Amino acid sequence: MHDQKESCNLLKEPRLVVRKFLARPQHEGLGAIVRRSIGRFELKYFDPFLVLDEFSVTAPAGFPDHPHRGFETVTYMLQGSFTHEDCEGHKGTIGAGDLQWMTAGRGIVHSEMPAAEGTQKGLQLWINLSSKHKMIEPRYQEILSKDVAEAIKDGIKVRVIAGEALGTKSPIYTRTPTMYLDFTLKPGAHLQQPIPISWNAFIYVLEGEGIFGNTKSSPTAAHHLLLLGTGDGLEVWNKSSKPLRFILVGGEPLGEPLVQFGPFVMNTQEEIDQTIDDFENYVNGFEKARHWRSESNLSLDY
């Protein structure tokens, strides 16, 4: 009987929660409300993750024209829709369940604005790029909700945004090796999810409440960020009467120096100074931004 139980255990060393805190609402962009959990004073950086925002935006609020360099942004819509425009001529709208994985690389100027009535909700994750990839050409991966890989087993549903879970893989290419999994556990469900030993990983709870890492842990409710310690995976129990939904994100640490100035993330202060100079002079990746303004920005009265 003991052997049979052991064979059911996928994990030798489940990761425990080492830090936990509530992401409180704050204002960002033009009238947007975000709950920032990574990228605030308690947690400036969790290598390779720079920012995690849960955003709530009602028109005319949004994120007008702004630049990026040196990292990737992953936008995952939970409710409503957003239109994205950039100086490279790319424009698209993502709705609930859709995903945009944008590699800013050497430089992009873009806007992200509501495309529907009511409140738009979603998550935006910033993933750092290694020094050898910071100045690559910008690129996009956009996946509609119907094309996001999904699996269902034993009361567990997972949407595999990046990486692999329950035998299902995502088609998304991650330049910085990353896993991004959207789990929903029915009441009574128990999850064991492997995570590469060397990676950093965290949980962000979206709905319901769950027990993470250890059966003796107290339940954690929505809008909490949980940083996981070392180990080979995550164990989760839903002992409540309602569904539990959370994201599990993991990534391979870069282990490089970090200097950030708002939307610019490089390795040295000299590179940041150069980036500011490049942006102000529309060179080295920002050439197309000189005469560009988004359609949404043209309608704003500054």
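The values are calculated or read from the model by the stated rules, or taken from the named source; none is laboratory data. Computed from a predicted model, the values in this text were never measured in an experiment. Cβ coordinates were reconstructed from backbone atoms using ideal geometry, including for glycine residues, and neighbour counts include every protein chain displayed. Just so you know, the surface numbers come from the protein's heavy atoms only, side chains and all, with ligands and any DNA or RNA stripped out. Shrake-Rupley method; radii C 1.70, N 1.55, O 1.52, S 1.80 Å.
Brief remarks on what is shown
- Listed by first and then second residue, the pairs with beta-carbon distance under 7 Å, at least 6 apart or on different chains, first residue in region 244-268 and closer than 30 Å to residue 212 by Cα and basic (Lys, Arg), second open to solvent by less than 40 Å² (accessible area, probe 1.4 Å) and in a loop (DSSP other than H, G, I, E, B), are 245/208.
- Among the residues here, residue 178 qualifies as touching a strand residue (DSSP E or B) at 6+ places or on another chain (Cβ under 9 Å), within 25 Å of residue 53 (Cα to Cα) and of a type in the set (S, T, N, Q).
- All conditions in (1) part of a strand (DSSP E or B); (2) surrounded by 17 or more Cβ atoms within 10 Å (Cβ to Cβ) hold for residue 88, with the sole exception of (1).
- Residue within region 101-116 that is under 16 Å from the mean Cα position of the chain (by Cα) and farther than 25 Å from residue 27 by Cβ present: yes
- Where strands (runs of 3 or more DSSP E) fall wholly inside region 147-228, the ranges with 2 or more residues that are without any contact (Cβ under 8 Å) to a residue 24 or more places away in the chain, within 28 Å of residue 241 (Cβ to Cβ) and not aromatic (Phe, Trp, Tyr) are 149-153.
- Restricting region 188-198 to residues that are open to solvent by 40 Å² or more (accessible area, probe 1.4 Å) and touching a strand residue (DSSP E or B) at 6+ places or on another chain (Cβ under 8 Å), the residue that is farthest from residue 15 (Cα to Cα): 190
- Unique residue being part of a loop (DSSP other than H, G, I, E, B) and modelled with pLDDT of 90 or more when the list is 11, 52, 125, 78: 11
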